[in-house]
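So the structure is just underneath, and the comments pick up after that.
The values are calculated or read from the model by the stated rules, or taken from the named source; none is laboratory data. None of these values were measured; they are calculated from a predicted model. All Cβ positions, glycine included, derive from the backbone under ideal geometry; neighbour counts span all protein chains shown. To get the accessible areas, we keep the full protein, side chains included, count just its heavy atoms, and leave off ligands, DNA and RNA. Shrake-Rupley method; radii C 1.70, N 1.55, O 1.52, S 1.80 Å.
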Amino acid sequence: MSLASSVSADVLINAGGPATGAYVADRNFNGGSAYTFGTQSGVYNTERWSTTSFSYAIPVTPGQVEVTLRFRESCTSCGTRSFRVDAEGQVVLASHSVPVNTVADRTFIVTTDATLNLDFTRIV
């Protein structure tokens, strides 16, 4: 998963990985673990994941923020992995899963103070 949020300027974070292209290295997170798929670089080749939950608190300009979450599922032996995403206390993805060997981007708009709060929770 990678994160992109924009108000007056984009904040592009390569979740779970190093800086790549316009994306900065993973930051502003709490919990979870980082994982890299093989040796390729890019935003779809790293992830932040957890067996329970993790979160991000990203400094932004207050107001409406467009958020794009970029997902990739590469685990072929994991079965379906479902999770919920809350942004600023609102459920934006209730029971989300990504089919194996695919990428899926999800975009939504939320209103924030000076920090965009994103919470990712595994659904058992």
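Filter the range 77-119 for residues that are of a type in the set (D, E, K, R) and free of Cβ contacts under 8 Å to residues at least 40 places away in the same chain; which is least open to solvent (accessible area, probe 1.4 Å)?
Taking the candidates together, the pick is D86.
Quick check on my filter: what residues within the range 53-67 are within 15 Å of the chain's Cα centre (by Cα), open to solvent by 20 Å² or more (accessible area, probe 1.4 Å) and of a type in the set (S, T, Y)?
S53, S55
Filter the range 57-86 down to residues that are part of a strand (DSSP E or B), more than 16 Å from T46 (Cβ to Cβ) and basic (K, R), then give me how many there are.
1
Considering the range 20-52 alone, what residues qualify as being within 15 Å of the chain's Cα centre (by Cα), assigned to a loop (DSSP other than H, G, I, E, B) and among the small types (G, A, S)?
Once the filter is applied, which keeps residues that are within 15 Å of the chain's Cα centre (by Cα), assigned to a loop (DSSP other than H, G, I, E, B) and among the small types (G, A, S), the range 20-52 yields G31, G32, G42, S50.
I'd like to check something: does the range 94-109 contain any residue that is hydroxyl-bearing (S, T, Y), more than 15 Å from the chain's Cα centre (by Cα), within 18 Å of V11 (Cβ to Cβ) and outside any loop (DSSP other than H, G, I, E, B)?
No, every residue in the range 94-109 fails to be hydroxyl-bearing (S, T, Y), more than 15 Å from the chain's Cα centre (by Cα), within 18 Å of V11 (Cβ to Cβ) and outside any loop (DSSP other than H, G, I, E, B).
What are the pairs with Cβ atoms under 8 angstrom where one residue, in the range 38-51, is among the small types (G, A, S) and the other, located anywhere, is in a strand (DSSP E or B) and open to solvent by 90 Å² or more (accessible area, probe 1.4 Å)? Sequence gap at least six, or different chains.
Close Cβ pairs (under 8 Å, with a partner that is in a strand (DSSP E or B) and open to solvent by 90 Å² or more (accessible area, probe 1.4 Å)) amount to S50/R122.
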